[in-house]
Amino acid sequence: MNSRSAFSQPLIYGFASWPLAMLGIPLYVYLPSYYHQLGLELAVIGSMLLLARISDVISDPLVGLLCDQSTQRGRYGLMILGWALLLIGLWQLLLPVQVSTVRLLIWAMWVYLAWTLIMIPYQALSAEVSQHAHVKTYYTASREGFAVIGVITVLVLPFALDDSQDYQQLFRLLYPLVSISLTLALAVLFWRLRLLQPTMQTDKKPILNLQAWRLAWRDQRSRRLLPAYFLNSLANALPATLFLFFVEHYLQLNQYMGVLLLGFFLSGILALPLWVRLAKRFGKYSAWRISMLSACLSFIWVFSLAPSSLWGFALICLFSGLSVAADVALPASIQADIAQDLSSKNGNMSGVLFAVWGMLTKLALALAVGLALPALGWLGWEQQSPASLQGLLWLYAGAPVALKLVALYWLRRADTLAD
């Protein structure tokens, strides 16, 4: 690959992550508060979203198997199907004509399935772009960098609307923006992305789902990576789910919500080149551990905050945001290395491996919303009881720090594995 291709190909691959990431904050952060404003109880919203995400976890292995059994054209076909379903489902979920628990459940399940049909084949491509581990890091870093840009785009939109709490107006602007940009990004991806090994060329056929799972779990690198990734994902999902509630009700800084989120993700994207360099010099596992430790050291200061502590919380957002891109780019790059290696030895199984990856991500998100929101409801959230506010503090800050420390302990011997 020449120097021009070395620069352009990761950008072509990563660009599709921009419109997809624009949906992250709306679906995982704004949606519970939005439907609560529309009249549904918080515990009910949490239960429906938990069910929807559990169904999404079940669909991931099936999509992964389809991905592995498909040619490159077939994988692109799955992504096109996901694109069509996503455009339909988003309209119904974000701009509902009628609001009910059943409609929330159905359309959330629809959107999550569409997302899966796009994301699993898309992520699996990162295992097929190069034989070199650090080249794959450039691709995953590009993907996650564009993802952070997508998040920042969503955070800037409310300022253009002059009302950060009018979610319906935001969604009316977001829907055409995502629809057009996703269509263009996928078209460019299909047209211009060059895969050095388009179908993981091997004399072995794609293997069955259960066999792939057994092979993945027998691999020491997978056994070390996957539990740590799940714990870290859950640690990140809890504050993401509860951010709006924490800022509005605990800190009473509702008017600064967008600025705080923007600072968090801006610091993440600015720090991404640093994490790539650290990974190349010291190894991906070491750089990932450093990012988790820095997040813990910054986030623990949340317990020192009083209501209206704007500057204190802003600093915490900036310092904890430094690790946000590393938390997804580095483990995803490690997973791409493992997927390429196992596929070359056993037959194409990258789709199943990234399905497992997606399952863990979505299970973490499901547990975050399905446990945290009902827990707040049981503690008396609707009455704003003191117990519910203390519970919010521990769920937002205490549990994530504890989970990251457990993940760090699990990765203590990861340096003995191939990096």
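The values are calculated or read from the model by the stated rules, or taken from the named source; none is laboratory data. Because the structure is a prediction, the values reported are computed rather than measured. Cβ coordinates were reconstructed from backbone atoms using ideal geometry, including for glycine residues, and neighbour counts include every protein chain displayed. Each accessible area value is taken on the protein alone, full model and side chains, heavy atoms only, with ligands, DNA and RNA left out. Shrake-Rupley method; radii C 1.70, N 1.55, O 1.52, S 1.80 Å.
The distance linking the stretch 170-188 with the stretch 70-129 is 14 Å (Cα centroid to Cα centroid, whole angstrom). Kindly provide log₁₀ I(q)/I(0) values, in the same order as q = 0.24, 0.27 Å⁻¹, from the Debye equation applied to equal alpha-carbon scatterers of the stretch 273-336. With one equal scatterer per Cα and no solvent, log10 I(q)/I(0) is -0.91, -1.06. If you take the alpha carbon atoms of the stretch 50-126 and fit the smallest convex hull around them, that volume is 76 Å³ per residue. For the chain, the 222 nm mean residue ellipticity estimated from helices alone, with every DSSP H stretch of n ≥ 4 adding -39500 (n - 2.57) and the total spread over all residues, rounds to -26000 deg cm²/dmol.
Pairs of Lys residues in the chain are counted when their Cα atoms are under 22 angstrom apart and they lie 8 or more places apart or on different chains; the count is 7.
Taken over the Cα atoms of the stretch 277-419, the convex hull encloses 125 Å³ per residue. Each peptide among 226-237, 267-278 gets the average number of other Cβ atoms lying within 10 Å of its residues, and from highest to lowest they stand as 226-237, 267-278. Shape summary of the stretch 1-71, radius of gyration then Dmax from alpha carbon positions: 18.5, 56 Å.
Solvent-accessible surface of the chain, taken per residue with a 1.4 Å probe and all protein chains present: 41 Å².
Just so you know, the Rg over Rh for the stretch 1-121 is 1.06, from Cα atoms, with Rh as the Kirkwood radius. The gain in end-to-end length when the Trp301 to Val44 segment is fully stretched comes to 89.4 nm, 0.36 nm per residue minus the alpha carbon separation. Which residues does the label zone of Leu405 cover in the stretch 293-327, counting backbone N under 19 Å from a point 7 Å along Cα→Cβ? Those under the cut-off are 293-305, 320. Placing R0 at 41 angstrom, the Cβ-Cβ distance between Val97 and Ile58 gives a FRET efficiency of 0.90 after rounding to 0.05.
For the stretch 223-267, a Kirkwood radius taken over Cα pairs fed into Stokes-Einstein (20 °C, viscosity 1.002 mPa s) yields D = 179 µm²/s.
Counting only whole DSSP H helices of the chain, the ones at least 20 Å long by C-alpha along their axis and with mean Kyte-Doolittle hydropathy no lower than -0.5 are 42-69, 72-94, 101-124, 133-161, 167-192, 220-245, 257-282, 284-299, 324-346, 350-378. Expressed in units of 2.2 N^0.38 Å, where N is the residue count, the Cα radius of gyration of the stretch 296-367 is 1.63.
Computed from the C-alpha gyration tensor, the three semi-axes of the ellipsoid equivalent to the stretch 355-419 are 32, 16, 5 Å, from longest to shortest.
Ranked by the mean number of other Cβ atoms within 10 Å of their residues, highest first, the peptides 337-343, 120-126 fall in the order 120-126, 337-343. Counted over all Cα-Cα pairs of the chain, pairs farther apart than 35 Å make up 23 percent. Projected onto its three principal axes, the C-alpha set of the stretch 65-105 covers 41, 17, 8 Å, listed from the longest axis down.
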